[in-house]
Amino acid sequence: MKRKEEEKKKRRRTLGLRYFVYDFVKWTAAPFLMLALRPKVYFENENAKKHVKGGALVVSNHTGYTDCVKLHFSLWYRRLHFVATKDMFEGRLSRWFFRRLLCIPVDKDNFEMRTFDEVGERLNEGSVVVIFPEGRINREGGIEYFKAGAVLMAMRYKVPVVPVVLIRPSGRFDRTRIAVGEPIDVSGGGCTLAGVNEIARMLRKKEEELTELVARRRRNKNKLKEEK
């Protein structure tokens with residue numbers, strides 16, 4: 001009986017008005033974004049292709065203001081909850097709109113525990129939360145040092161981390177390219193400062209490997225074209 005009640009609550013959370021604005025914006029904009037961005041998604045391996053179920057934390061590099069839009073192509077079958085700078089929530093209308101788009105405000109300069117707690121609530125609900133551990137938009141190239149907050153959240157709430165890389169376009173008309181890695185279990189890292197920093201370095205290295213994976217596959221594709 002208890003299990004049935006829990007399933008009913010879960011269905012209400014999934015189908016409720018809480019997600020109406022998000023779903024409406026996502027699915028009405030999808031056809032236009034497909035044409036404009038022409039997304040190409042690369043998967044690290046077969047495990048990376050499997051649908052992510054339950055709570056998960058997506059970590060991604062941050063290349064520009066449209067990253068939140070592009071990341072939807074990586075896990076198109078899930079609703080994505082983004083940790084976003086509090087500047088986006090200034091004003092009543094902006095606050096209402098971005099809250100309906102499932103965004104979680106964060107003060108990058110003075111991190112507050114309520115952000116950590118809200119991320120935890122959504123992960124416990126079985127949602128997918130997206131965070132940019134570089135902490136800022138990086139237009140210089142490469143992957144910057146990852147802040148430890150993402151690792152702490154994943155360890156605290158025992159959810160896998162899904163590494164995703166957005167490849168910077170080589171030209172104005174270049175298509176959007178996204179690399180998705182397989183989910184990583186970080187629960188066994190140990191809650192020491194050294195352990196957390198080591199996992200953060202490992203995730204950053206994984207992002208670099210995914211970047212190289214896309215470059216290698218593109219080189220192989222071009223080579224095959226030349227041989228033909």
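The values are calculated or read from the model by the stated rules, or taken from the named source; none is laboratory data. Computed from a predicted structure; not experimentally measured. For neighbour counting, all protein chains shown are included, and Cβ atoms are generated from backbone atoms with ideal geometry for every residue, glycine included. With ligands, DNA and RNA removed, areas are computed over all heavy atoms of the protein, side chains included. Shrake-Rupley method; radii C 1.70, N 1.55, O 1.52, S 1.80 Å.
General remarks:
- As a fraction of the 1.4 Å probe accessible area of the chain, surface on carbon and sulfur atoms comes out at 56 percent.
- Spatially, the range 158-176 and the range 109-147 are offset by 16 Å when compared through their Cα centroids.
- When His51, His81 are compared by accessible area at a 1.4 angstrom probe, the order from most to least is His51, His81.
- Database remark: amide H of Val162 closer than 5 angstrom to the amide H of Leu57, Val58, Val59, Ile184 (H placed geometrically; neighbours at sequence offset of 5 or more, or on other chains; Pro and chain starts carry no H).
- Over the range 9-144, relative contact order from alpha-carbon pairs under 8 Å, at least 6 apart, %: 34 percent
- Working from Cα pairs under 8 Å separated by at least six residues, relative contact order for the chain is 26 percent.
- Protein-only accessible surface at a 1.4 angstrom probe places the residues Leu57, Leu152 in the order Leu152, Leu57, largest first.
- Share antiparallel - DSSP beta bridges, the range 71-197, percent rounded to 5: 45 percent
- Cα centre as origin, Lys/Arg/Asp/Glu Cβ charges: the chain dipole, Debye: 1060 debye
- Positive-end residue, the chain charge dipole about Cα centroid, Cβ charges, pick of Cys68, Leu17, Met113: Leu17
- Annotation: Glu140 carries an accessible surface of approximately 130 Å², with a 1.4 Å probe and no ligand, DNA or RNA atoms counted.
- Cα long-axis angle, helix 2-15 against the chain (0 to 90 degrees, to the nearest 10): 60 degrees
- Counting only DSSP beta bridges with both residues in the chain, the antiparallel share comes to about 20 percent.
- Per residue, the range 58-192 exposes 50 Å² of accessible surface when a 1.4 Å probe is rolled over the protein heavy atoms with every protein chain present.
- Tensor-based shape of the range 106-228 (alpha-carbon gyration tensor, a/c under 1.5 rounded, otherwise prolate or oblate): prolate
- Amide H within-cut-off set for Lys40, under 5 Å, with H built and near neighbours excluded: Thr176, Arg177, Ile178
- Accessible area in the full protein assembly, largest first, 1.4 Å probe, for Arg122, Arg201: Arg201, Arg122
- Here the Kirkwood formula puts the hydrodynamic radius of the chain at 18.7 Å, using every distinct Cα pair.
- Only Lys, Arg (+1) and Asp, Glu (-1) charged, at Cβ; the range 169-209 dipole about Cα centre in debye: 240 debye
- Here the Karplus relation 6.51 cos²θ - 1.76 cosθ + 1.60, evaluated at θ = phi - 60°, turns the backbone of the range 28-45 into coupling constants of 7, 7, 3, x, 5, 5, 4, 6, 6, 9, 6, x, 10, 9, 10, 10, 4, 6 Hz, with x for every Gly and Pro.
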